[in-house]
1. Could you calculate the contour length gain from residue 106 to residue 119, that is, 0.36 nm times the residue separation minus the distance between their Cα atoms, to one decimal place in nm?
2. Please work out how much length the chain gains when fully extended from residue 87 to residue 21, using 0.36 nm per residue of separation minus the C-alpha to C-alpha distance, in nm with one decimal.
3. Work out the P(r) tail for the range 4-103: percent of alpha carbon pairs separated by more than 21 Å, whole number.
C-alpha cells in the first residue's frame, strides 16, 4: 500500500512538471489514479527513481528520468499515457486534462450546451 508521503512526493513532482499548483491538480480528482497509472507503466523501480530524482528534467534529453517525467506530464495534460501502446486513462481524465485548463476551455464534447446552443455565437463573441 503506497504511503501518504509517496502521494505527497508524487503531487509535488506533478506540480513542478505541469506548472499547476497542487490544489489545482487535486481538484481534478485524478491524483491517486494517475499515481497508480504511472507506477504501473513505469514499474516500481523507475517510479521510485522518478519520485526520488531531484530534477528529472535536468539530465540527458533522452535519459530515463527525463522520459518518465515527460510521460507523466503528458498524462496530466492529456489524460493519456503515451505508451507504447498509448491509451486514454478514462473519459474523466480526458475531460480534466490540463491542456483544456491551460487554454481556458472545456474539453470538446464534455459539456453539452443543450438544444440550439449551436445557433448563436459563443458567449463573449461579438458579431461584426
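1. Numbers: separation 13, 0.36 × 13 = 4.68 nm, distance 1.88 nm.
Full extension from residue 106 to residue 119 adds 2.8 nm.
2. Details: separation 66, 0.36 × 66 = 23.76 nm, distance 2.53 nm.
So the extension gain works out to 21.2 nm.
3. Numbers: 1258 of 4950 pairs.
Tail of P(r) above 21 Å: 25 percent of Cα pairs.
No value in this document is a laboratory result; all are computed from the given coordinates. If you're wondering where the values come from, they're calculated on a predicted model, not measured in any experiment.
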